[in-house]
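Here the structure comes first, spelled out in structure tokens, and everything after it is commentary.
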Amino acid sequence: MNPSMKMITLYIPQKYLEAIEYLINQKYFPNRSELIRVAIRDLILKELKINEIISKHEDEIMSAFLKDIEQEIKEDSELKKLNKNKIK
């Protein structure tokens, strides 16, 4: 496990869990953890952009964060393509 990652425990509605399992079974994500990481990352990005709460000093931090996210999104897209091809 990546040492920069921290484990958390959360409670979610049964319907959310069913939707998560569906996406995993359809090979959109390899496991629950990855799906939840991507969902949280995307929510953070959306909220930061929508609310425009980043100050000038924080622009550098946001720029680095966006660069990392763009790379993750690219990797996620490539993984989804590979997983879809495995099903065929």
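FYI, it's all coordinate maths here, none of it is from the lab. This structure is a prediction, so every number in the text was calculated from the model and none was measured. Because the Cβ atoms are built from the backbone with ideal geometry, glycine has one as well, and the counts that use them run over all protein chains shown.
Given the pairs 6/46; 49/74; 49/81; 6/67, which are separated by over 24 angstrom at their Cα positions?
Pairs exceeding 24 Å: 49/81.
Please list, by residue number, everything in the stretch 1-35 whose backbone N is under 11 Å from a paramagnetic label point 7 Å out along Cα→Cβ of residue 80.
Those under the cut-off are 28-29.
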